[in-house]
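First comes the structure, then the notes that go with it.
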Amino acid sequence: MAHPSQLGFQDAASPIMEELLHFHDHAIMIVFLISALVLYIISLMMSTKLTHTNTMDAQEVEMIWTILPAIILILIALPSLRILYLMDEINNPHLTIKALGHQWYWSYEYTDYEDLMFDSYMTPTQDLQQGFFRLLEVDHRMVVPMESPIRMLISAEDVLHSWAVPALGIKTDAIPGRLNQTTFITSHPGLFYGQCSEICGSNHSFMPIVIEAVPLKHFENWSNIMLTA
């Protein structure tokens with residue numbers, strides 16, 4: 001969960017998000033090194049006399065400032081491509097859930113069960129219990145078993161939406177007439193909050209997402225209660 005004055009990302013709750021955090025730190029260190037080098041060269045040129053004017057036409061210098069950026073780009077691109085392939089890989093999911101975006105709420109369908117589906121609306125401020133988050137809590141949370149690969153099928157009923165949960169490293173567009181697919185694994189139990197990340201209308205900021213990751217035994221009890229309700 002994000003908190004005030006937070007400068008970095010939320011704590012990772014999935015292996016993919018951990019990889020994204022590592023890649024972020026890797027890229028930021030490269031940016032810092034480049035920035036420090038450029039600032040050093042600028043300060044050097046402003047504070048000292050230019051004595052080696054012949055270096056402006058040196059072929060060695062031109063080769064260095066051509067090859068070095070290419071190497072830096074490769075160091076950034078290779079880890080990025082690796083994460084992209086990891087995010088697209090779906091290997092024998094234990095559960096498939098379909099999320100459908102509406103104006104302005106989400107509906108969920110557990111496709112492995114016959115009649116397990118429900119709508120998820122934002123909880124009004126006057127109905128919030130103590131300790132719940134305003135504009136982020138919903139009346140029906142999407143419950144998933146922890147440490148299990150979950151496949152999400154995401155689409156929309158009316159306009160463009162975006163199903164995004166930052167702690168899990170998920171952000172997938174919900175497009176009418178198209179079924180997008182993503183996968184995630186929750187590494188520990190807890191509540192993970194997200195919101196629609198596409199400007200979908202006047203109530204765009206009032207269709208939150210709440211994922212509740214629980215042990216498998218608790219998930220089975222919840223599914224039985226929902227099916228018999």
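Run Met87 past the list (1) part of a loop (DSSP other than H, G, I, E, B); (2) more than 22 Å from Thr228 (Cα to Cα); (3) out of contact with any strand residue (DSSP E or B) (no Cβ under 7 Å at 6 or more places or on another chain); (4) in contact (Cβ under 8 Å) with a residue 60 or more places away in the chain and report the number of the one that doesn't hold.
(1)
For the subset of region 64-81 comprising residues that are without any contact (Cβ under 8 Å) to a residue 40 or more places away in the chain and of a type outside the set (A, V, I, L, M), which member is least open to solvent (accessible area, probe 1.4 Å)?
Checking each candidate, the answer is Pro69.
Of everything in region 154-175, what is more than 18 Å from Cys200 (Cβ to Cβ) and open to solvent by less than 10 Å² (accessible area, probe 1.4 Å)? Give them in sequence order.
Listed by number, the residues that qualify are Ala167, Leu168.
Between Arg151, Arg178, which is assigned to a strand (DSSP E or B) and surrounded by fewer than 20 Cβ atoms within 10 Å (Cβ to Cβ)? Step through it out loud before you land on a result.
Numbers: Arg178 fails: assigned to a strand (DSSP E or B).
After ruling out the rest, the residue left standing is Arg151.
If I go through region 181-204 residue by residue, how many of them are out of contact with any Lys or Arg (no Cβ under 9 Å at 6 or more places or on another chain), open to solvent by 30 Å² or more (accessible area, probe 1.4 Å) and either more than 18 Å from Glu89 (Cβ to Cβ) or part of a strand (DSSP E or B) (or both)?
Residues meeting the conditions: 9.
Give the number of residues within region 12-47 that are charged (D, E, K, R) and surrounded by 14 or more Cβ atoms within 10 Å (Cβ to Cβ).
As a first pass, look at region 12-47 and keep what is charged (D, E, K, R): 18-19, 25.
Subset that is surrounded by 14 or more Cβ atoms within 10 Å (Cβ to Cβ): 18-19.
The total comes to 2.
Based on this model, can you work out whether Ile42 counts as without any contact (Cβ under 8 Å) to a residue 24 or more places away in the chain and not assigned by the TED database to the domain that holds Val210? Steps first, please.
Working: without any contact (Cβ under 8 Å) to a residue 24 or more places away in the chain: yes; not assigned by the TED database to the domain that holds Val210: yes.
Against the criterion (without any contact (Cβ under 8 Å) to a residue 24 or more places away in the chain and not assigned by the TED database to the domain that holds Val210), Ile42 qualifies.
Quick one: is Ser197 more than 18 Å from Gln10 (Cα to Cα) and among the polar types (S, T, N, Q)?
no
For residues that are within 21 Å of the chain's Cα centre (by Cα) and more than 24 Å from His188 (Cα to Cα), scanning just region 107-133, find the one that is least open to solvent (accessible area, probe 1.4 Å).
Among residues in region 107-133 that are within 21 Å of the chain's Cα centre (by Cα) and more than 24 Å from His188 (Cα to Cα), the one least open to solvent (accessible area, probe 1.4 Å) is Ser107.
The values are calculated or read from the model by the stated rules, or taken from the named source; none is laboratory data. These figures come from a predicted structure and were not determined experimentally. Cβ: placed from backbone, ideal geometry, glycine included. Neighbour counts: every protein chain shown. All accessible areas refer to the heavy atoms of the entire protein, side chains included, with ligands and DNA or RNA removed. Shrake-Rupley method; radii C 1.70, N 1.55, O 1.52, S 1.80 Å.
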